[in-house]
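The values are calculated or read from the model by the stated rules, or taken from the named source; none is laboratory data. Here the structure is a predicted model, which means the values were calculated and not measured. Cβ sites come from the backbone with ideal geometry, for glycine too, and all protein chains shown count toward neighbours.
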Amino acid sequence: MNKYRRYQEEVLACSQKLSANGYFGPASGTGGNVSVLVEGEETIAITPSGIVYSQLTPEDICVVRFDGSMVAGEHSPSIETRMHLAVYRNRPDVNAVIHTHQPYASVFALINRPIPALFDEVVLKIGPVVEVIPYAISGSSELEENVASRLENRCNCYIIQNHGAIALGTSLEAAFNHAALLEKVAQAYYRALATGQEITTLPDPAIYIMTEIMKSEQQKEIERKEGRQ
Ligand SMILES: [Zn+2]
């Protein structure tokens, strides 16, 4: 069996779960893409461009090197492959990237407003803020640069202005859970804003402690990967 098969199956299963749950826009939508890093290689498995997720098989998932060359798959890789690669190049803690068009996070993509620290579990898993990455055309090198320029805060979710969101994680399961947490906090924040009342955020000392916990988890993953090299 091809050594990338496990990664192709993981990417397919995650994509279909995201699509069925409305994360790619309308029900069973295709507005998004998913990738996972191949352990020990500068290679990712990533969804192909323009194929309905319910019709994909594991062989349809593309395997692409960091230099853009194809290792496996018969279709063109996602138009957003450069954006995914920008994340892997800049964030050694990240092993999986999910790009979605999920509904409530998309509200903040339109009003161009970051989501502050509102709930403990969100800060622990996603970080102290969900920043908005400035708009650029899908698949452009400008979007790749805009994404790369915001990754230094080590957060696990970002909103892309007038577009959607990205969720990162040490595994596809973690990235999926981060996308789900983002949708939860975006929905609650949207509804809270709609009341017109003052919104309270978490106190700074709590944000600091929980952000440090999140970063130490990322550091553990970086050291695990360095240890196996
Ligand atoms: Zn998109």
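Determine, yes or no, whether residue 45 is at pLDDT 95 or above and within 16 Å of the ligand (Cβ to nearest atom). For residue 45, the condition - at pLDDT 95 or above and within 16 Å of the ligand (Cβ to nearest atom) - is not met. Taking region 60-92, which residues are touching a strand residue (DSSP E or B) at 6+ places or on another chain (Cβ under 8 Å) and of a type outside the set (A, V, I, L, M, F, W, C)? Within region 60-92, 60, 65, 73, 75, 76, 77, 78, 80, 81, 84, 88, 91 meet the criteria. If we scan region 62-70, do we find a residue that is surrounded by fewer than 20 Cβ atoms within 10 Å (Cβ to Cβ), more than 16 Å from the ligand (Cβ to nearest atom), on the phi > 0 side of the Ramachandran plot and over 12 Å from the mean Cα position of the chain (by Cα)? Checked region 62-70: at least one residue is surrounded by fewer than 20 Cβ atoms within 10 Å (Cβ to Cβ), more than 16 Å from the ligand (Cβ to nearest atom), on the phi > 0 side of the Ramachandran plot and over 12 Å from the mean Cα position of the chain (by Cα).
Within region 187-198, residues that are closer than 19 Å to residue 23 by Cα and touching a residue at least 40 places away in the same chain (Cβ under 8 Å) sit with their Cβ atoms under 9 Å from residues that are of a type in the set (Phe, Trp, Tyr) and not in a helix (DSSP H, G or I), at 6+ positions apart or across chains, in these pairs: 188/119. When 50, 40 are screened for being surrounded by fewer than 16 Cβ atoms within 10 Å (Cβ to Cβ) and within 13 Å of the ligand (Cβ to nearest atom), only 50 passes.
Each residue in region 99-150 was checked for being within 29 Å of residue 194 (Cβ to Cβ), part of a loop (DSSP other than H, G, I, E, B) and over 15 Å from the mean Cα position of the chain (by Cα), and 10 pass. For region 175-196, the condition of being modelled with pLDDT of 95 or more and outside any helix (DSSP H, G or I) holds for at least one residue. Checked against (1) more than 17 Å from residue 96 (Cβ to Cβ); (2) within 16 Å of the ligand (Cβ to nearest atom), residue 2 passes all but a single condition, namely (2).
Of all the criteria given as (1) surrounded by fewer than 21 Cβ atoms within 10 Å (Cβ to Cβ); (2) away from the ligand (no atom under 13 Å from the Cβ), the one not satisfied by residue 82 is (2). Just a yes or no: is a residue in region 89-97 in a strand (DSSP E or B) and either at pLDDT 95 or above or of a type outside the set (Phe, Trp, Tyr) (or both)? Checked against the condition, which is being in a strand (DSSP E or B) and either at pLDDT 95 or above or of a type outside the set (Phe, Trp, Tyr) (or both), region 89-97 yields at least one hit. Evaluating residue 35 against the criteria (1) at pLDDT below 85; (2) surrounded by 18 or more Cβ atoms within 10 Å (Cβ to Cβ) leaves one unmet condition, (1). Consider region 128-142 and keep the residues that are in contact with a Lys or Arg (Cβ under 8 Å, 6 or more places away or on another chain) and closer than 30 Å to residue 208 by Cα. The one that is farthest from the ligand (Cβ to nearest atom) is 131. The set of residues from region 102-124 being surrounded by 21 or more Cβ atoms within 10 Å (Cβ to Cβ) and either away from the ligand (no atom under 12 Å from the Cβ) or in contact (Cβ under 8 Å) with a residue 60 or more places away in the chain (or both) comprises 102, 105, 108, 115, 117, 122, 123. When residue 90 is tested against the conditions (1) within 13 Å of the ligand (Cβ to nearest atom); (2) in contact (Cβ under 8 Å) with a residue 40 or more places away in the chain; (3) polar (S, T, N, Q), the lone failure is (1). Restricting attention to region 129-151, and to residues there that are touching a residue at least 12 places away in the same chain (Cβ under 8 Å) and among the charged types (D, E, K, R), which single residue is surrounded by the fewest Cβ atoms within 10 Å (Cβ to Cβ)? Of everything passing the filter in region 129-151, 145 is surrounded by the fewest Cβ atoms within 10 Å (Cβ to Cβ).
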